[in-house]
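Down below is the structure, laid out as structure tokens.
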Amino acid sequence: MRKTAATVLVDRKIFNIIIFVFILNTLFLATGFYLLNSRLPNEAEEFAIKQKMAKELVEYNRRLAKSLGVDTRSQVREALSRFSYEIELAATSEDLSRAILANGQRTQEKILQENEAKQRETVLAIINQDPRIKLIEGKARLTVKLTREQGLQVEPADALSEKTVIKISETVTLGEWAHDLTIDVEIENGRALLLMPYNPLDHIRALTREIDAIRVTLHELRSRAGFAEMMGPGVIVRIYDADDGFTSSSIIHETDVRDTVNELFAAGALGVAVGNQRLIATSAIRCVGPSILVNDERIPVNPVVIRAIGDPEVLASGLDIIKITLEVSRNLRFEIEKVDNLALPAYSR
């Protein structure tokens, strides 16, 4: 049956509509794929973003120190330098989190402590210029209080001249960061010296910081020793028996696994797990009949899977010799996969 010109025209319009819809759907899919990838950065991009934020936090603390006039003090410089160094040293997101946890609050508190110390020194210098102080014989005590609600108070009220009180008010201000300031001064033979009062809250804060630092260090030590989970980039090694292998030389032995593990540690591996068994200092790898035991637990074989955290390139390079040896001399298959993010379990026995 022949198609009329009108029918051909309608068919062509339908065909054109189908093509247009197809192109439109393709554009929508491409746009959606682009947006999805732009919203979900890969591991390297995510680490770069976190590292940038951490560096901005260091710069914020640096600006805070400068605005308070304590950026040249040795304690502040040391805290900022350590914070910056820990961030530069971080190789993974977990390392960055530990660096921020260990140094972020500590650095800011050190800046505020040094600012308070600077204010105390300034008040002491002004007090020592007061003529009334120079006339005091023996010992005496006075207290200078600076609060947001009541301003400057001196006890005893007549201990300092009006000129000295005005100068302290004009020179020392609390600002938005500082707490109320109380300065105890002992005067002996015409010279004022600072008395450092015992502040339970300061003592508690200092102990809390020490506990936090100890917790971070303990977690790091437990992770390195194998008693806590470890995460980071690394390699996954899979060792297979030779194809149709049944002789002693064509199957995997505990010595092959031990040699591979030793090479990984020699190449700088921070942690290693064999068949999902985390290795610690006393771990044993041995054969019992056709089975391989790690930490006295039977692990899957063919392949034997070894995971190690460290620099993927360095770890892979460190396995070159043993890989060639097992593949060439015994026809075992030795695969190395480099990964950006790897998790090792904690030792569980």
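Within segment 318-339, the set of residues being within 18 Å of residue 265 (Cα to Cα) and in a loop (DSSP other than H, G, I, E, B) comprises just one member, 319. With respect to the conditions (1) free of Cβ contacts under 8 Å to residues at least 40 places away in the same chain; (2) within 12 Å of residue 235 (Cα to Cα), residue 287 lacks only one, and its number is (2).
Looking only at segment 56-100, residues that are outside any helix (DSSP H, G or I) and out of contact with any helix residue (DSSP H, G or I) (no Cβ under 8 Å at 6 or more places or on another chain) come to 2 in all. Candidates are the residues of segment 253-274 that are more than 16 Å from residue 328 (Cβ to Cβ) and β-branched (Val, Ile, Thr); the one that is surrounded by the fewest Cβ atoms within 10 Å (Cβ to Cβ) is 255. Of the residues making up segment 228-251, those that are outside any loop (DSSP other than H, G, I, E, B), out of contact with any strand residue (DSSP E or B) (no Cβ under 9 Å at 6 or more places or on another chain) and in contact (Cβ under 8 Å) with a residue 24 or more places away in the chain are 249, 250. Scan segment 83-95 for residues that are surrounded by fewer than 18 Cβ atoms within 10 Å (Cβ to Cβ) and either within 22 Å of residue 118 (Cα to Cα) or without any contact (Cβ under 8 Å) to a residue 24 or more places away in the chain (or both) and the total you get is 3.
In the set (1) within 23 Å of the chain's Cα centre (by Cα); (2) at negative phi, residue 241 fails one condition alone, (1).
Every number here is computed from the coordinates shown, using simple stated rules; none is lab data. The model shown is predicted, which means the values in this text are computed figures rather than measured ones. Using ideal geometry, Cβ is built from the backbone for each residue, glycine included, and neighbour counts are taken over all protein chains shown.
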